[in-house]
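Please read the structure below before turning to the comments.
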Amino acid sequence: MKKKRQQVFRDPLYGYIHIDYDFITELIDSSVFQRLRRIRQLSGVHMVFHAAEHSRFTHALGVYELAYRFLKIEEINEALNEREQQLFLAAALLHDIGHGAYSHAFEYVFKVNHEKIGARIIQEHPEITKVLDKIDKDFKYDCASIILKKGKYPLIEQLISSQLDIDRLDYLERDAYFTGAAYGHIDLDRLMRVVTVKNNRLVFKASGIHAIENYLVARYHMYWQVYYHPKARAYEVILEKIYLRVKDLIHGGYQFIQDVSYLKAILDNPNDLDAYLEIDDFYINGMIASFKHEKDTILKTLAHDFLNRRMWKHMDDNKENEEAIQKIYNDLTEEEIKYFTLKTSVQQGAYQESRSNLGDQIYILNEKNEVISLTQHSSIVHSLVKSSMKIDPKIFYRPYER
């Protein structure tokens, strides 16, 4: 049902976010979507870039607005019927609905997957299903299939989740805005002018190649300068170790001062949706604040570090540092090694192209009206595929004071 009068939200990137359908407003007003206000978009990055306090809620609205704007592109509008357009808008809005507190550290320790949980929320949560069922009884299942990339709606899936999609277009620009990073800016207007549809596949006209190259380089720099900043990683390591200690204490029968029943429920059953939805950044922060008063020394220490920005040190995990790393281990007990050190690695390249991810590639419509791969058309991207992949193995450790 279309609104008699368009609803808008003010946004620092787009000016306005435009809502024409009642069902979009109802989804935004649901408790599970409002929960995203209480989950930071950038997890621990705000400990390095202090203004990066924006939420998954603002990002989800931004991705929705890009879907709204992409539907104004004639070729995309014509390629999707009205129901598919509504699916596109709904999936864009709900693509992160399943994210957990502080995102990836929680997923790693508690063995959950936010996309699978998001699909379950869309199909099972009464507030969401009540809204989507008004369109038709299969709408919620089709929306979930897009989140899970089942292949039923390949064009919509490519628009929402590929190497150049509306999710990335929003978070790169939004994260650059809130962190103050100068290298995350992309030429969105140009990219939208050169996008088109060919054989139900999203392609970009060759005239926009420079905007695409700039986007890929901007994304690459954002990963290494912001998302993978060593201090941001160090802060999230502390959080991961808190989760690990809580998990081990629960398994050991430790009696907490704080109520940790929701975490215990997730440990007992990772599919416990009700418990999962109770856990957000606010809940985790309050819980960690209470850990300062626990009897367990390790948990108290980790909580103190997390709450007071006591950043752990880091060192490249390579042959040159083997002796120094061994010295760190020699000075610690087995238990201290488990909770106060972590070897971990991240990797990122500017662009990936392989036969296994054809639906995830960027395609170019050349001057001969042929669809070719991005690397075939751009010598810059071709060289980036070979040379830009970077791996950064590090050991993070707490500066120990005896």
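The values are calculated or read from the model by the stated rules, or taken from the named source; none is laboratory data. As the structure is a prediction and not an experimental result, all values here were calculated from the model. Note: ideal-geometry Cβ built from the backbone for every residue, glycine included; neighbour counts use all protein chains shown.
The table for this structure:
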| read-out | value |
| --- | --- |
| Identity of the residue in the stretch 176-187, part of a helix (DSSP H, G or I) and out of contact with any Leu (no Cβ under 6 Å at 6 or more places or on another chain), that ends up nearest to ALA350 (Cα to Cα) | TYR183 |
| Enumeration of residues in the stretch 143-159 that are surrounded by fewer than 22 Cβ atoms within 10 Å (Cβ to Cβ) and either within 15 Å of the chain's Cα centre (by Cα) or part of a helix (DSSP H, G or I) (or both) | SER145, LEU148, PRO154, LEU155 |
| Residue under evaluation TYR108, criteria (1) in a helix (DSSP H, G or I); (2) touching a Lys or Arg at 6+ places or on another chain (Cβ under 8 Å); (3) modelled with pLDDT under 95; (4) hydroxyl-bearing (Ser, Thr, Tyr), criterion not met | (2) |
| Residue list for the stretch 283-329, filter: among the hydroxyl-bearing types (Ser, Thr, Tyr) and under 18 Å from TYR254 (Cα atoms) | SER290, THR297, THR301 |
| GLU236 vs. criteria in a helix (DSSP H, G or I) and over 27 Å from ILE160 (Cβ atoms) | no |
| Selected residue (only one of THR341, THR375 is at pLDDT 95 or above and either β-branched (Val, Ile, Thr) or under 21 Å from the mean Cα position of the chain (by Cα) (or both)) | THR341 |
| Residue within the stretch 31-44 that is surrounded by fewer than 17 Cβ atoms within 10 Å (Cβ to Cβ), in a loop (DSSP other than H, G, I, E, B) and more than 18 Å from the chain's Cα centre (by Cα) present | no |
| Test: residue in the stretch 111-127 that is outside any helix (DSSP H, G or I) and either closer than 30 Å to THR375 by Cα or acidic (Asp, Glu) (or both) | no |
| Test: residue in the stretch 70-89 that is modelled with pLDDT of 95 or more, closer than 30 Å to GLU240 by Cβ and part of a helix (DSSP H, G or I) | no |
| Where a residue in the stretch 47-66 is free of Cβ contacts under 8 Å to residues at least 24 places away in the same chain and its partner, wherever it lies, is in a loop (DSSP other than H, G, I, E, B), with Cβ under 9 Å and at least six apart | SER55/ILE39; SER55/GLN41 |
| Pair list, Cβ under 8 Å, 6 or more apart: the stretch 268-285 residue under 17 Å from ILE128 (Cα atoms) and in contact (Cβ under 8 Å) with a residue 24 or more places away in the chain, other residue hydrophobic (A, V, I, L, M, F, W, C) and in a helix (DSSP H, G or I) | LEU273/ILE117; LEU273/ILE121; TYR276/ILE117; TYR276/ILE266; LEU277/VAL32; LEU277/ILE121 |
| Single residue of PHE291, PHE306 found to be touching a residue at least 24 places away in the same chain (Cβ under 8 Å), buried (at least 19 other Cβ atoms within 10 Å of the Cβ), over 30 Å from MET389 (Cβ atoms) and over 25 Å from the mean Cα position of the chain (by Cα) | PHE291 |
| Residues satisfying the stated conditions in the stretch 271-283, i.e. of a type in the set (A, V, I, L, M) and within 18 Å of the chain's Cα centre (by Cα) | LEU277, ILE279 |
| Residue list for the stretch 344-370, restricted to those being loosely packed, with under 14 Cβ neighbours inside 10 Å, modelled with pLDDT of 85 or more and either within 23 Å of GLU157 (Cα to Cα) or touching a Phe, Trp or Tyr at 6+ places or on another chain (Cβ under 6 Å) (or both) | GLU370 |
| Count of the stretch 45-56 residues which are part of a helix (DSSP H, G or I) and surrounded by fewer than 19 Cβ atoms within 10 Å (Cβ to Cβ) | 1 |
| Selection from the stretch 72-95 of residues that are within 19 Å of THR196 (Cβ to Cβ) and either out of contact with any helix residue (DSSP H, G or I) (no Cβ under 9 Å at 6 or more places or on another chain) or surrounded by fewer than 18 Cβ atoms within 10 Å (Cβ to Cβ) (or both) | LYS72, ILE73, GLU74, GLU75, ASN77, GLU78, ASN81, GLU84 |
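This table checks each residue for (1) among the hydroxyl-bearing types (Ser, Thr, Tyr); (2) surrounded by 15 or more Cβ atoms within 10 Å (Cβ to Cβ); (3) out of contact with any helix residue (DSSP H, G or I) (no Cβ under 7 Å at 6 or more places or on another chain); (4) part of a helix (DSSP H, G or I).
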residue	(1), (2), (3), (4)
GLU240	no, yes, no, yes
GLY253	no, no, yes, no
TYR262	yes, yes, no, yes
ASN271	no, no, yes, no
MET287	no, yes, yes, yes
GLU322	no, no, yes, yes
LEU332	no, yes, no, no
LEU342	no, yes, no, no
